[in-house]
Amino acid sequence: MRTLKYLLGYCLVLLVFANCTNDNDNFDYLSTAVAPSNISALFQVTQDNTGLVTITPNATSAVSYNITLGDDTAEPVIVKQGESIDHTYAEGSYTVTVEAVGLTGLKSVVTQDLVVSFKAPENLVVTIENDAAISKKVNVTATADFGLSYDVYFGEPGNDTPVSANIGETASYIYQAPGIYTIRVVAKSAAIATTEYTTDFEVTEILQPIASAPTPPTRVDTDVISIYSSRYTDVPGTNFFPDWGQGGQGSSWATFDLNGDEMLQYINLSYQGIALADGTTVDVSSMDYLHLDVWTADVSTIETSLINGPSASTEKPVVSDLTAGEWTSIDIPISAYTDQGLTVNEIYQLKFVGAPWAAGTVFIDNIYFWKEPQIATAPDVAAPNPTYGAGNVMSIYSDAYTSVGISELNPGWGQTTTLTEVSVGSNNMWLYESLNYTGIVTDYANPTDLSGMDFVHFDYFTPDAAELGLKLVNTVAGTEGINFVGDVVKGTWVSVTIPLSDYALDRSAITQLLFDTNGGSAKVYIDNLYFYSETSSTQPTVEAPVPTIGSADVVSIYSDSYTGVPLSEVNPNWGQTTTLSEVNIGGNNIWKYDALNYTGIVTDYANPTDLSGMTYVHFDYFTPDATELGLKLVKAVPNIPTEEDVKFLPMVTQGTWVSVTLVLDTYAIDRSQVTQLLFDTNGGSATVYIDNLYFHK
């Protein structure tokens with residue numbers, strides 16, 4: 001019997017030296033540390049009726065162990081990772097406790113039964129099975145009365161070393177080749193005598209996939225040309241076994257059905273062609289890669305050729321290594337063909353060649369050309385319209401407010417940055433190009449007092465920035481602070497709201513603001529840079545920023561700015577504590593969730609929402625007390641396996657409207673049939689207001 005529980009280690013001490021930092025120190029692992037797992041203890045006993053037991057603990061992510069022996073020994077024994085302890089027991093049954101300690105002090109505990117008997121094991125029962133997932137792997141499990149451990153001699157020539165395990169647990173071994181082997185099991189107790197079992201067993205090789213190939217990501221139609229894949233629309237009329245004489249080489253083909261998932265099976269692969277329908281060609285010159293997933297037990301490499309024509313047929317090959325017994329996902333750059341001189345504007349055939357020649361079988365799925373999603377390089381709409389009243393705002397730059405005076409813009413501080421003012425419609429915005437950093441100076445003689453402000457807000461649009469931060473500087477006191485955006489989202493307007501309490505400086509005399517890409521060089525548009533105070537931290541006093549994206553590019557779930565898709569259920573009874581009401585602020589409707597632990601939104605199970613053409617999901621939230629908040633997307637369609645994924649925000653800001661934009665490609669589901677959305681506080685209970693929940697291009 002084994003029980004597991006987790007303990008929080010709190011004895012980790014960090015030494016902090018005042019006014020001294022080391023740029024080489026990196027404690028990121030502390031935030032991701034987990035307690036040790038997969039804890040076990042191997043018991044091995046000397047067979048001399050003395051009761052001497054060797055205990056060898058093991059675990060993932062452990063550095064030491066505290067072992068409570070289970071007899072009258074008072075104190076736990078400390079054992080380092082990789083070491084063992086010896087202890088002499090009287091005949092009897094014991095419960096051994098193994099506490100595994102990780103590097104950061106996190107702990108996990110396992111209890112394990114130990115039987116010490118001076119009688120030879122009796123009623124030995126041995127189970128031997130081929131592993132269902134790993135080729136040529138055999139699993140042995142032995143049970144016996146009075147038994148403590150057992151050794152398995154797997155009988156492969158040249159290897160006489162046994163694999164040991166506790167009675168009732170599993171010993172495993174991977175053979176070099178399939179065949180019939182003599183397996184001998186020796187069960188041991190603390191007695192001198194042992195009990196043995198011997199049998200001949202056939203080790204088998206897995207010769208076909210037992211799981212489907214990885215599911216391709218959702219892509220917009222213009223970013224993919226599919227030849228064979230259930231995820232995308234294939235080029236019609238394709239022949240997957242044209243008569244090129246390969247049958248004479250012993251090659252054949254079939255459609256292999258794995259629990260409803262069909263894939264191509266090429267048997268005794270010498271060479272094999274795929275031919276598009278007569279007169280059909282595809283231009284893949286705008287694509288970045290050719291993708292295919294290949295499973296094999298006995299083919300070491302596959303050569304994939306593209307054939308361009310058909311008037312002047314030319315072909316070029318690329319060779320890829322395969323890993324036996326698992327899916328190999330291959331993405332061949334189109335440049336690997338064009339660099340060989342192949343034009344790829346009229347691809348009408350593909351060819352595969354296996355090595356060794358005509359001696360192995362491959363299963364192939366998900367053959368398609370694809371390119372990276374196209375990211376917009378400039379905004380075609382203005383940033384969302386601010387809603388905070390001018391009396392609560394101190395604006396640096398925004399058409400929505402009267403801004404404070406600025407004495408210098410992008411001053412010559414050695415930066416590469418250039419600045420121009422551009423407009424979309426009638427809205428002005430700053431365009432920074434080659435932005436590494438840039439300065440904004442208000443007035444050195446009359447510093448800006450931000451002590452009455454709570455937040456700083458700005459909207460950015462970038463096609464290429466990897467990092468973006470805003471620095472505030474008090475040149476009077478000689479203090480400054482900078483905050484970087486957690487994850488920079490490219491190709492759309494993104495609203496940023498930062499609590500001014502996150503800036504560790506005197507905010508009463510701010511004279512400089514700087515945008516910084518942390519050593520990068522990027523194109524960044526900026527609008528609506530302002531500071532503001534929030535009159536209430538418990539509920540919104542104004543509506544969320546008003547969206548500006550055109551309705552043709554939006555699939556809306558909830559927003560007064562758009563016509564939403566029909567919703568069949570909102571906050572359905574799934575066992576949550578959440579209650580939902582609709583409130584109105586300034587004529588704008590808003591969802592209010594109280595006691596939110598999680599909540600569901602169902603569109604239509606019979607008519608799933610197709611989000612495959614969308615790039616982003618957006619929502620605005622206001623919360624006085626939530627510490628975590630995530631959005632889950634679910635594909636729950638009858639007779640199809642459910643797919644779901646949740647993304648939690650890297651941080652939750654309380655007491656103001658916060659706009660969230662997430663990239664849909666980060667959700668690992670098929671977005672063509674979404675039926676559910678869920679907000680989740682990850683076990684919390686909070687009040688959360690939600691508005692402008694929509695998907696957009």
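The values are calculated or read from the model by the stated rules, or taken from the named source; none is laboratory data. Here the structure is a predicted model, which is why all the values come from computation and not from measurement. With ideal geometry, Cβ positions are generated from the backbone for all residues, glycine too; neighbour counts draw on all protein chains shown.
Residue-level check: of (1) modelled with pLDDT under 95; (2) within 29 Å of the chain's Cα centre (by Cα); (3) hydroxyl-bearing (Ser, Thr, Tyr), Thr361 misses just (2).
Considering the stretch 544-572 alone, what residues qualify as being among the hydroxyl-bearing types (Ser, Thr, Tyr), farther than 19 Å from Asp380 by Cβ and surrounded by 17 or more Cβ atoms within 10 Å (Cβ to Cβ)?
As a first pass, look at the stretch 544-572 and keep what is among the hydroxyl-bearing types (Ser, Thr, Tyr): 548, 551, 556, 558-559, 561-563, 568.
Cutting the leftovers down to farther than 19 Å from Asp380 by Cβ gives us 558-559, 563, 568.
Scanning the stretch 544-572 gives Tyr558, Ser559.
Within the stretch 131-162, take every residue that is surrounded by fewer than 16 Cβ atoms within 10 Å (Cβ to Cβ) and among the β-branched types (Val, Ile, Thr) and give me the one that is nearest to the chain's Cα centre (by Cα). So, considering only residues that are surrounded by fewer than 16 Cβ atoms within 10 Å (Cβ to Cβ) and among the β-branched types (Val, Ile, Thr), the one nearest to the chain's Cα centre (by Cα) is Ile134. Taking strands (runs of 3 or more DSSP E) as the structural unit, those lying wholly within the stretch 94-199 and holding at least 3 residues that are closer than 27 Å to Thr73 by Cβ and in the same structural domain as Pro57 (by TED's automatic domain parsing) correspond to 107-116.
Consider Glu569 against the criteria (1) under 30 Å from the mean Cα position of the chain (by Cα); (2) over 18 Å from Phe679 (Cα atoms): it satisfies all of them except one. Which criterion is unmet? Condition not satisfied by Glu569: (2). Does Asp527 satisfy being outside any loop (DSSP other than H, G, I, E, B) and either touching a residue at least 12 places away in the same chain (Cβ under 8 Å) or among the basic types (Lys, Arg) (or both)? Spelling it out, Asp527 is indeed outside any loop (DSSP other than H, G, I, E, B) and either touching a residue at least 12 places away in the same chain (Cβ under 8 Å) or among the basic types (Lys, Arg) (or both). Considering only residues that are within 16 Å of His291 (Cβ to Cβ) and surrounded by fewer than 22 Cβ atoms within 10 Å (Cβ to Cβ), which ones fall in the stretch 369-388? Trp370, Lys371, Glu372, Pro373, listed by residue number. Tell me which residues, restricted to the stretch 295-318, are in contact with a Ser or Thr (Cβ under 9 Å, 6 or more places away or on another chain) and either free of Cβ contacts under 8 Å to residues at least 24 places away in the same chain or aromatic (Phe, Trp, Tyr) (or both). Scanning the stretch 295-318 gives Trp295, Val318.
All conditions but one from (1) closer than 30 Å to Leu664 by Cβ; (2) in contact with a Lys or Arg (Cβ under 6 Å, 6 or more places away or on another chain) apply to Asn366; the one that does not is (2). Count of the stretch 275-292 residues, restricted to those that are buried (at least 21 other Cβ atoms within 10 Å of the Cβ) and in a strand (DSSP E or B), is 2. Taking the criterion of being in a loop (DSSP other than H, G, I, E, B), out of contact with any helix residue (DSSP H, G or I) (no Cβ under 7 Å at 6 or more places or on another chain), small (Gly, Ala, Ser) and in contact (Cβ under 8 Å) with a residue 40 or more places away in the chain, would at least one residue in the stretch 403-416 satisfy it? Among the residues of the stretch 403-416, not one is in a loop (DSSP other than H, G, I, E, B), out of contact with any helix residue (DSSP H, G or I) (no Cβ under 7 Å at 6 or more places or on another chain), small (Gly, Ala, Ser) and in contact (Cβ under 8 Å) with a residue 40 or more places away in the chain, which makes the answer no. So is Pro638 more than 27 Å from Val381 (Cα to Cα), surrounded by fewer than 20 Cβ atoms within 10 Å (Cβ to Cβ) and modelled with pLDDT under 95 or not? Here the answer is yes, as Pro638 does meet what is asked. Identify, please: which residue in the stretch 325-368 is acidic (Asp, Glu) and touching an Asp or Glu at 6+ places or on another chain (Cβ under 9 Å) and is, among those, surrounded by the most Cβ atoms within 10 Å (Cβ to Cβ)? The qualifying residue surrounded by the most Cβ atoms within 10 Å (Cβ to Cβ) is Asp365.
Within the stretch 64-83, being part of a loop (DSSP other than H, G, I, E, B) and surrounded by 14 or more Cβ atoms within 10 Å (Cβ to Cβ) holds for Leu69, Gly70, Asp71, Pro76, Gln81.
The selection criterion, being crowded, with 18+ Cβ neighbours inside 10 Å, farther than 22 Å from Ala504 by Cα and either free of Cβ contacts under 8 Å to residues at least 40 places away in the same chain or not polar (S, T, N, Q) (or both), does not hold for Val422.
Counting only strands (runs of 3 or more DSSP E) that sit completely within the stretch 433-523, those holding 1 or more residues that are over 35 Å from the mean Cα position of the chain (by Cα) and in the same structural domain as Asn410 (by TED's automatic domain parsing) correspond to 437-441, 469-474, 479-484, 512-516. Going residue by residue through the stretch 643-658, is there one that turns out to be farther than 24 Å from Trp493 by Cα and buried (at least 17 other Cβ atoms within 10 Å of the Cβ)? Looking for residues that are farther than 24 Å from Trp493 by Cα and buried (at least 17 other Cβ atoms within 10 Å of the Cβ), one finds at least one in the stretch 643-658, hence yes. Can Trp295 be described as assigned to a strand (DSSP E or B) and either modelled with pLDDT under 95 or in contact with a strand residue (DSSP E or B) (Cβ under 9 Å, 6 or more places away or on another chain) (or both)? When the stated conditions are applied, Trp295 passes them. Suppose we filter Phe619, Phe648 for residues that are of a type in the set (Phe, Trp, Tyr), in contact with a Gly (Cβ under 8 Å, 6 or more places away or on another chain) and under 30 Å from Pro499 (Cβ atoms); which single one remains? Phe648 is the lone residue from the list that is of a type in the set (Phe, Trp, Tyr), in contact with a Gly (Cβ under 8 Å, 6 or more places away or on another chain) and under 30 Å from Pro499 (Cβ atoms).
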